[in-house]
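Undergrad: Structure provided below as structure tokens; questions to follow.
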Amino acid sequence: QVQLVPSGGGLVQPGGSLRLSCAASGIVFQLYALRWYRQAPGKQREFVAEITKGGSINYADSVKGRFTISRDNAKNTGYLQMGSLKPEDTAVYYCLVDFGGSITWGQGTQVTVSP
């Protein structure tokens, strides 16, 4: 059974940083692409970042240069390092893994950027 457990969310001031983690179990993590999405209140869920099993990385334009996605296959964990945070980054953040189109979502973790 695939499980994804996110952690690292919280309250941070504008300009601050947070690191989200996504711990995977029940899968051979290195065979999966990892993605982060977010959903702000009243808005649709949107793509944030992806790292493929081969290490290719893509970011949404809104986070390029501020967020960094990474993975540690030995720890079965993915990360999203978020910097220069803005109030508009406030959202519930979700990780997911994708194996050839078979997708599993993790629970969300709240990130709030506020003075």
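Undergrad: Compute the distance from the alpha-carbon center of the stretch 19-34 to that of the stretch 45-76, in whole Å.
TA: Here the two parts' Cα centres lie 12 Å apart.
Undergrad: Relative contact order for the stretch 1-60 using alpha-carbon pairs under 8 Å, separation at least 6, rounded to a whole percent?
TA: 24 percent
Undergrad: Provide the percentage of antiparallel DSSP beta bridges, counting only those with both residues in the chain; round to the nearest 5.
TA: Expressed as a percentage, antiparallel bridges in the chain total about 95.
Undergrad: I'd like to know how the chain sits against the 2.2 N^0.38 Å rule of thumb: what's its Cα Rg over that expected value?
TA: Scaled against compact globular proteins, the figure is 1.00.
Undergrad: Can you send over the carbon and sulfur percentage of the accessible area for the chain, probe radius 1.4 Å, protein chains only?
TA: C and S fraction of accessible area: 47 percent.
Undergrad: Per residue, how much accessible surface does the stretch 4-115 expose to a 1.4 Å probe? Answer in Å², no decimals.
TA: 50 Å²
Undergrad: Now a separate question. Setting aside same-chain residues fewer than 8 positions from residue 75, which lysines have a Cα under 16 Å from its Cα?
TA: The qualifying lysines are 53.
Undergrad: From the mean inverse distance of alpha carbon pairs (Kirkwood) and the Cα radius of gyration, derive Rg over Rh for the stretch 1-59.
TA: So for the stretch 1-59, dividing Rg by the Kirkwood Rh gives 1.00.
Undergrad: Let me ask something else about it. When we measure straight from the Cα of residue 86, which lysines land under 21 angstrom away, once same-chain ones fewer than 8 places off are left out?
TA: 43, 64
Undergrad: Which value, in debye to the nearest 20, gives the size of the charge dipole of the chain about its Cα centre, when Lys and Arg are +1 and Asp and Glu are -1 at the Cβ?
TA: 80 debye
The values are calculated or read from the model by the stated rules, or taken from the named source; none is laboratory data. Since we're looking at a predicted model, the values are computed, not measured. Positions of Cβ are generated from backbone atoms using ideal geometry, with glycine treated the same way; all protein chains shown enter the neighbour counts. Heavy atoms of the whole protein, side chains included, go into the accessibility calculation; ligands, DNA and RNA do not. Shrake-Rupley method; radii C 1.70, N 1.55, O 1.52, S 1.80 Å.
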